[in-house]
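Report on one structure; see the data block that follows.
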Amino acid sequence: MTTFLLVHGAWHSGRSWDRVVPLLEAAGHRALAPSLTGHGDKAHLLSPEIGLSTHIDDVAGLIGDEDLHDVVLVGHSYAGMVISGVANRVPERIAHLVFLDAMVPEDGESAVDVLPVTKQLIDHAVDGWRVPPMPEQPPPLGLFGVTDPDDLAWLRSMLSDQPVRCLREPVKLDDPAARTIPRTHIHCVEGRPAGITRRPVPAGERVRELPTGHDCMITMPVELSALLLETV
């Protein structure tokens with residue numbers, strides 16, 4: 001049995017994985033999908049002090065509290081920053097890293113460095129520290145690539161603001177052991193908004209694609225789960 005630890009992206013919550021968790025469990029594995037501080041069941045903790053390091057603490061703390069080993073650590077979108085920091089902190093606990101349509105930072109970079117268009121969102125922060133979710137756009141872009149009316153209603157119910165500090169705080173990646181962890185990059189290749197670019201994937205790291213928008217855990221959970229199971 002493998003433990004999958006699924007980390008949601010900015011604005012989302014652990015509920016975004018609700019269609020994926022049972023599929024991984026049906027395949028005989030354990031799947032955990034916590035909400036990061038300030039989101040989901042922890043939305044009441046939202047504050048200007050929450051940053052990237054807070055979310056790294058969330059995930060690394062869960063790994064320690066649950067005494068997890070050989071974890072397949074999956075980060076969606078902004079959570080590519082989070083899982084990178086976690087892998088740097090506890091590389092011996094991680095068997096595989098999956099960057100799911102995610103930011104892939106280098107040492108000392110912030111989300112703004114990885115994806116400069118993020119700066120435009122920060123410029124419109126409420127009260128100087130709360131970044132609202134990106135606005136819904138006409139299909140095929142929709143809201144994070146989601147266009148089905150029922151799915152949109154469900155997605156809207158889980159979204160909350162993202163603290164600016166999460167996007168500006170740099171990640172520390174100074175443990176060489178973290179670079180030896182196998183990596184998979186899953187790219188969602190439809191409905192990508194303007195200004196969203198990807199860095200080249202280093203040679204030797206696996207790349208997979210899904211023909212859907214950004215929130216593939218909502219729009220293509222079966223296909224995503226199959227790709228995640230390839231890491232076992």
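The values are calculated or read from the model by the stated rules, or taken from the named source; none is laboratory data. In this text, all values refer to a predicted model and were calculated from it rather than measured experimentally. Reconstructed Cβ throughout: ideal geometry from the backbone, glycine too, with neighbour counts over all protein chains shown. Side chains included, ligands, DNA and RNA excluded: accessible areas come from the protein's heavy atoms. Shrake-Rupley method; radii C 1.70, N 1.55, O 1.52, S 1.80 Å.
For the reader, a short list of remarks on this structure follows.
- Average accessible area per residue (Å²) across region 130-169 - probe 1.4 Å, nucleic acids and ligands excluded: 49 Å²
- The chain - percent of accessible surface contributed by carbon and sulfur, probe 1.4 Å: 52 percent
- Backbone amide hydrogens, once placed in the peptide plane, bring GLN162 within less than 5 Å of VAL131, excluding anything fewer than 5 places away on its chain.
- Cut-off 19 Å (backbone N to label point 7 Å along Cα→Cβ of ARG206), residues of region 7-23: 7, 20-21, 23
- Only helical runs count toward this figure. For the chain, summing -39,500 (n - 2.57) over DSSP H runs of n ≥ 4 and dividing by all residues gives -7500 deg cm²/dmol at 222 nm.
- Cα-centred dipole magnitude for region 98-157, charges only on beta-carbon of K, R (+1) and D, E (-1), debye, nearest 20: 220 debye
- Dipole-positive endmost among LEU224, ALA194, PRO176 within region 161-232 (Cβ charges, Cα centre): PRO176
- Solvent exposure of region 83-129 amounts to 42 Å² per residue of accessible area, where only protein heavy atoms count and the probe is 1.4 Å.
- Taking every alpha-carbon pair under 8 Å whose residues sit at least 6 apart, region 1-149 reaches a relative contact order of 19 percent.
- Taking every C-alpha pair closer than 8 Å and separated by at least 6 residues, the mean separation divided by the residue count of region 158-213 gives a relative contact order of 38 percent.
- Global size of the chain as Cα Rg and Dmax, reported in angstrom: 16.2, 46
- Bridge type composition, the chain - antiparallel percent by DSSP, nearest 5: 15 percent
- Per-residue HN-Hα couplings for region 121-130 [Karplus 6.51, -1.76, 1.60; θ = phi - 60°; Hz; x = Gly/Pro]: 5, 4, 4, 10, 4, 7, 6, x, 9, 9
- With K and R counted +1 and D and E -1, the other residues having a Cβ less than 13 Å from that of LYS119 yield a net charge of -1.
- For region 172-232, accessible area per residue (1.4 Å probe, heavy atoms of protein chains only), Å²: 53 Å²
- Unit charges on C-beta of K, R, D, E only; dipole of region 1-100, Debye: 280 debye
- Projected label distance in nm at GLN137 and GLN120, using a 7 Å step from Cα toward the beta-carbon: 0.8 nm
- The relative contact order of region 135-232 comes to 31 percent, based on Cα pairs under 8 Å that sit 6 or more residues apart.
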